Amino acid sequence: MERVWTGLWSGTGVTEMGAVNTFRLLMQARKNQWLKPSELEELQAKKLRAMIKHAYDNTEFYRRKFKDARIRPEDIRTVDDLKRIPYTTKNELRNNSTGSMIAKGLDLKNCLVTETSGSTGIPTKIVYDQPANDFSKAINLRSYIENGLALTSKWVIFGDPRHFQKPKWFQKFGIFSPQWISAFDPIEKQLEFFQEFKPDIIGGYTSSILMLAQAVKERGITNITPKAVIGTSELLDPGTREYIDSVFNVKIIDHFGCVELNRTAWECSEHAGYHIDVDAVVMEFISNGEAAAPGERGEIVYTGLYNFGMPLIRYKIEDVGIPSDEVCPCKRGLPLMKLVEGRSDSFMQAPDGRMFSPIIWTLIMRKIPGVNQFKAIQEKKDLIRILVVRDQAFTEATAGQIVHDVQEVMGEEMHVDVEVVEEIPKDKSGKVRCAVSKVTISDQKW
């Protein structure tokens, strides 16, 4: 799952006026979440029509795509009309991200230009103009504030040091001023910092938060007591959620998003699902080419509603989720998605055709004593390699149990190689994915 934290205040060109604009947009965003669903639908449709017209009038890429599909901007009035527009793929984005997809007249010198984590090996440039950068920060801040962040909270974020920035003018006064810590730093250095700083809020990569929790528990540390823990950028499986909750004695809040659209959905304290930021994006769930029904797995397709510098319309992010028609007890009007199941390249298909969500690996591995960390890699249709960092309970029988338990779930035709390693290698961004497949799923149905 390409869920990259790009930073609340990262990027160039963040002026005093930009910060003021962000706070103004934040006030409006906090009001928006309490609108009635019908009012939010109306707001979303209005923003959608403006984005569609802008993309057609100002980008070579979407003008050509619309003409090839024989549609015009006025044909798209509501979210339901989006199905008339062909998808935008990751490959198209890679090939056009700083060319025909950029709005005419845009000066890249005044924009935030960032990259995806490149989990495919090919990073993709993403451009945010200044107004989009301001709006994105406001949407990001909304979910943090709704989950406990105060104006001057002591706040730590795990992340990729390539995205770290110098403090802005208002942060020098301690206002919404996160302390950044590299996901690549040794755990001892991290522990020293956390024990000295004693943060109110811990956020960032979920795998980094998990490793911190493991170190805190193993060493019996009692003076790291955050009021809120907010994970992002990676799949939060039930086992990880339970472990982090138990160590820090708070219920972790999960965020969902991507570099291309930034944060797009988030949990509130009710944990009834993920509130979709429908004032910032349209999120479709597609199964067999049609909209997935509530409770049905679907591939997520995004349309951004605020980045006029680089529009993204019906963009296939390659993440999979489950929409919901339930109403959150918190009474926010923002609709819910019930579950995030990870990147499509984290799903695995057994030789008999069955498909498995990355969540299955936690269910299998957490029952096996001796496994500290792991990563499952599907090398071939009938071969899975499992990297294991062992703990004190690891014995000669552990590897055999892993093979047995995986084959019990995925079938005896699946060959399983267990490799004991000192540590699980991280992605270039510093994240750790527990499952990845190098095999294209046949007859893919979400």
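Annotations
Here is a yes/no grid of residues against (1) closer than 28 Å to residue 336 by Cβ; (2) in contact (Cβ under 8 Å) with a residue 40 or more places away in the chain:
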position	(1), (2)
35	yes, yes
53	no, no
56	no, no
61	no, yes
73	no, no
83	yes, yes
87	yes, yes
91	no, no
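- When residues in segment 77-98 are screened for being surrounded by fewer than 17 Cβ atoms within 10 Å (Cβ to Cβ) and out of contact with any helix residue (DSSP H, G or I) (no Cβ under 8 Å at 6 or more places or on another chain), 7 of them pass.
- Check on residue 312, aliphatic (A, V, I, L, M), touching a His at 6+ places or on another chain (Cβ under 6 Å), open to solvent by less than 20 Å² (accessible area, probe 1.4 Å) and in contact (Cβ under 8 Å) with a residue 12 or more places away in the chain: no
- Meets criteria (closer than 13 Å to residue 310 by Cα and out of contact with any Gly (no Cβ under 9 Å at 6 or more places or on another chain)) for residue 104: yes
- Pairs linking a residue in segment 357-379 that is on the phi > 0 side of the Ramachandran plot and open to solvent by less than 20 Å² (accessible area, probe 1.4 Å) to a residue that is at pLDDT 85 or above and in a strand (DSSP E or B), with Cβ atoms under 6 Å and 6 or more positions apart or on different chains, are 370/390.
- Residues of segment 161-189 that turn out to be outside any loop (DSSP other than H, G, I, E, B), open to solvent by 30 Å² or more (accessible area, probe 1.4 Å) and at pLDDT 80 or above, as a count: 5
- Inter-residue pairs, beta-carbon under 6 Å, first hydroxyl-bearing (Ser, Thr, Tyr) and in segment 319-340, second open to solvent by less than 10 Å² (accessible area, probe 1.4 Å) and not in a strand (DSSP E or B), 6+ apart: 324/273
- Restricting 265, 280 to those that are buried (at least 18 other Cβ atoms within 10 Å of the Cβ), of a type outside the set (D, E, K, R) and in contact with a His (Cβ under 7 Å, 6 or more places away or on another chain) reduces the list to 265.
- Tally, over segment 13-38, of residues that are under 26 Å from the mean Cα position of the chain (by Cα), part of a helix (DSSP H, G or I) and surrounded by fewer than 15 Cβ atoms within 10 Å (Cβ to Cβ): 6
- Out of 389, 340, sole residue that is β-branched (Val, Ile, Thr), under 30 Å from residue 269 (Cα atoms) and either open to solvent by less than 40 Å² (accessible area, probe 1.4 Å) or at pLDDT 95 or above (or both): 340
- Of the helices (runs of 4 or more DSSP H) that lie entirely inside segment 41-157, those containing 2 or more residues that are of a type outside the set (A, V, I, L, M, F, W, C) and touching a strand residue (DSSP E or B) at 6+ places or on another chain (Cβ under 7 Å) span 130-146.
- Segment 226-243, subset at pLDDT 95 or above and β-branched (Val, Ile, Thr), residue farthest from the chain's Cα centre (by Cα): 229
- Members of segment 53-71 that are crowded, with 19+ Cβ neighbours inside 10 Å and under 24 Å from residue 113 (Cβ atoms): 55, 56, 59, 61, 62, 65
- Residues of segment 256-282 that are closer than 20 Å to residue 28 by Cβ and assigned to a strand (DSSP E or B): 257, 262, 263, 264, 265, 266, 275, 276, 281, 282.
- Considering 41, 115, 146, 74, the condition of being among the acidic types (Asp, Glu), open to solvent by 50 Å² or more (accessible area, probe 1.4 Å) and either touching a Cys at 6+ places or on another chain (Cβ under 8 Å) or under 30 Å from residue 228 (Cα atoms) (or both) is satisfied by 115 alone.
- The set of residues from segment 190-236 being of a type in the set (Asp, Glu), over 17 Å from residue 159 (Cβ atoms) and in a loop (DSSP other than H, G, I, E, B) comprises just one member, 200.
- Residue, least open to solvent (accessible area, probe 1.4 Å), within segment 288-302, restricted to residues that are among the charged types (D, E, K, R) and not in a loop (DSSP other than H, G, I, E, B): 299
The values are calculated or read from the model by the stated rules, or taken from the named source; none is laboratory data. These numbers were taken from a predicted model, which means no experiment stands behind them. With ideal geometry, Cβ positions are generated from the backbone for all residues, glycine too; neighbour counts draw on all protein chains shown. All accessible areas refer to the heavy atoms of the entire protein, side chains included, with ligands and DNA or RNA removed. Shrake-Rupley method; radii C 1.70, N 1.55, O 1.52, S 1.80 Å.
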